[in-house]
Amino acid sequence: MLRIGMLTSGGDCQALNAAMRGVVKGICSKREDVEIFGFQDGYKGLIYGDFKMLTSKDFSGILTRGGTILGTSRQPFKLMRVPDKDGIDKVEAMKHTYHKLSLNCLVILGGNGTHKTANLLREEGLNVITLPKTIDNDLWGTDMTFGFQSAVDIATDTIDRIHTTATSHSRVFIIEVMGHKVGHVTLHAGIAGGADIILLPEIPYDIDAIAEVIQKRTDVGKAFTILAVAEGAISKEDAKLKKKEYKEKMEKRKYPSIAYELAEQIQAKTDKEVRITVPGHTQRGGSPCPYDRVFSSRVGAKAAELILNEQYGYMVAMINNETVAVPLKEVAGKLKYVDPNCSLIKEAKMLGISFGEKTKKKQEE
């Protein structure tokens, strides 16, 4: 009997169900003696033994369904070794559940924090296979994560819709896109949506440079300006602060998010009306796009292959459009940031997109 535990952890996104479906269909196409334990609400289910028995039928008809049929929750990695309010040792509890159910392996779907805990369980002797889930596309070791393209499509659609109203008004429009630490979604959606200014966490912005771009557009008869702004975008002044200083400043910030702070500054410097759109969790919701359905199905099938071959301790990645197994120990704890010097940034600049930086000529002056 092949006993598989499965859980989804961290934020939800499109194609989680499609990925789990890929794993189960891949395994059940080769073996009939399979038991599937679906842990509820991420690592919580593994800690407290909260699970439900599933069959292949439970994974039928979910290819196009967003969210996760298992539920999810965030369990910060830094607290995994800290006993909960009932004094339970979380790591020992997860190991106990695994061994009590005589599992052959755990299939874990999640992002960066999820992978750190998955690697911890691997180090504790459990058989683990992970799948790269996050709209941020910030997992090290894979070119792509499922959920990313669906989020880009939604953010792009938002910018497209703003464009149609922007042509009717002489205003500045800010679209705040998800991405606290990395700006992959904002970068791709900004280019796809024709944003004039793109602000990313990896490239600290200069508010005066932003004001200059808006003024130049006004001077040549372009009445509106569209900014695609990552929620983790940061000014050059704040980027110089120490981590603790920046955290303290954020706790005292009067603005609900970066978009509102920028709006006030831009309005003061340009006398332009500013409007804000925050698509928020819509970027993580709804049905997965066709790309994500194919991608998640492929990595799910690859995970099934690894399980059938008893090859554990890997994340299934996509590299050069091929599914590959990457050692989990090489992935955990590493983020894939946007490289400010990458070709995509350079090409965007060639198109006239500003990243809120002073040009070299201006800097020299």
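Simple point charges give the picture: +1 on the Cβ of Lys and Arg, -1 on the Cβ of Asp and Glu, and for the stretch 34-144 a dipole about the Cα centre of about 120 debye. DSSP beta bridges fully contained in the chain are about 25 percent antiparallel.
I'd like the distance between the alpha-carbon centres of the stretch 314-351 and the stretch 7-25, rounded to an integer number of Å. Here the answer is 21 Å between Cα centres. Take 48-56, 139-147 and order them by the average number of nearby Cβ atoms within 10 Å per residue, most first; the result is 139-147, 48-56. In whole Å, what is the distance between the alpha-carbon centres of the stretch 196-254 and the stretch 36-92? Taking the Cα centre of the stretch 36-92 as reference, the centre of the stretch 196-254 is 38 Å away. Computed on protein heavy atoms with a 1.4 Å probe, the accessible areas place Glu248, Glu322, Glu202, Glu32 in the order Glu32, Glu322, Glu248, Glu202, largest first. If you sort Lys243, Lys358 by accessible surface, 1.4 Å probe, largest first, the order is Lys243, Lys358.
The modelled label-to-label distance for the pair His99/Gln215, using points 7 Å beyond Cα in the direction of Cβ, is 6.9 nm. In sequence order, the stretch 164-178 has phi-based couplings of 5, 7, 5, 5, 9, 9, 8, 9, 9, 10, 10, 10, 8, 9, 4 Hz under the Karplus curve 6.51 cos²θ - 1.76 cosθ + 1.60, θ = phi - 60°, and Gly or Pro positions carry x. Here's how it looks for Asp41: its modeled amide H is under 5 Å from those of Gly71, Thr72, which are all 5 or more places away or on a different chain. Considering only Leu131, Leu16, Leu79, the mean-square fluctuation computed in a Gaussian network model of the chain, springs between alpha carbons under 10 angstrom, is largest for Leu79. Grab the beta carbon distance between Thr167 and Lys358, set R0 = 22 Å, and tell me the FRET efficiency rounded to 0.05. Calculated transfer efficiency: 0.15. The helix-based estimate of mean residue ellipticity at 222 nm for the chain, built from -39,500 (n - 2.57) per DSSP H run of four or more residues and divided by its residue count, is -12000 deg cm²/dmol to the nearest 500.
Can you say what percent of the DSSP beta bridges in the stretch 1-153, counting only those with both residues inside, are antiparallel? Round to 5. Percent antiparallel among DSSP bridges in the stretch 1-153 is about 20.
Order Met20, Met178 by their accessible area, 1.4 angstrom probe, all chains in place, largest first.
Heavy-atom accessible area, descending, gives Met178, Met20.
Of Asn320, Asn127, Asn137, the residue with the greatest mean-square motion in the GNM of the chain, using alpha carbon springs below 10 Å, is Asn320. Considering only Ile174, Ile162, Ile69, the residue lying farthest towards the positive end of the dipole of the stretch 43-179 is Ile69, judged by Cα position with unit charges set on Cβ. Computed on the Cα atoms alone, the convex hull of the chain gives a volume of 143 cubic angstrom per residue.
Converting phi to 3J(HN,Hα) with the Karplus coefficients 6.51, -1.76 and 1.60 and the offset θ = phi - 60°, the stretch 220-233 yields 9, x, 8, 6, 10, 9, 10, 10, 9, 10, 5, 4, x, 4 Hz in sequence order, with x at every glycine or proline.
Between Leu335 and Arg3, what is 0.36 nm times their sequence separation minus the Cα-Cα distance? Round to one decimal in nm. Stretched out fully, the Leu335 to Arg3 stretch lengthens by 116.4 nm. Here the spin labels are modelled as points 7 Å beyond Cα on the Cα-Cβ line, and at Arg74 and Ser60 they lie 3.8 nm apart. Computed extension length for Lys30-Thr282: 87.0 nm, one decimal, from 0.36 nm per residue of separation with the Cα-Cα distance subtracted. In a simple Cβ point-charge model (Lys, Arg +1; Asp, Glu -1; nothing else charged), the stretch 250-302 has a dipole of about 280 debye relative to its Cα centre.
If only the Cβ of Lys and Arg carry +1 and only the Cβ of Asp and Glu carry -1, the dipole of the chain around its Cα centre is close to 280 debye.
Amide H contacts of Ser235: Tyr205, each under 5 Å away and 5 or more positions distant or on a separate chain (H built 1.01 Å from N in the peptide plane; Pro and chain starts excluded). Close amide H pairs (under 5 Å, H built 1.01 Å from N) link Thr130 with Ile108, Tyr314, Met315, Val316, residues at least 5 positions away or on another chain. Sites listed here are trypsin sites (Lys or Arg not before Pro) in the stretch 118-202 whose DSSP assignment is loop and whose Cβ has at most 15 other Cβ atoms within 10 Å: Lys181. Note on Ser235: accessible area is roughly 10 Å² with a 1.4 Å probe, heavy atoms of protein only. Sequentially through the stretch 18-23, phi angles give Karplus couplings (6.51, -1.76, 1.60; θ = phi - 60°) of 4, 5, 5, 4, x, 4 Hz, Gly and Pro residues having no value and appearing as x. Under a Cβ-Cβ cut-off of 14 Å, what is the net charge of the residues other than Thr97 that fall near it, where Lys and Arg count +1 and Asp and Glu count -1? Combined, the nearby Lys, Arg, Asp and Glu give +1.
The values are calculated or read from the model by the stated rules, or taken from the named source; none is laboratory data. Worth saying up front: this structure is predicted, and the values here are computed from it rather than measured. Glycine gets a Cβ as well: all are built from the backbone with ideal geometry, and neighbour counts include every protein chain shown. When the accessible area is computed, the model is the full protein with side chains, heavy atoms only, and any ligands, DNA or RNA have been set aside. Shrake-Rupley method; radii C 1.70, N 1.55, O 1.52, S 1.80 Å.
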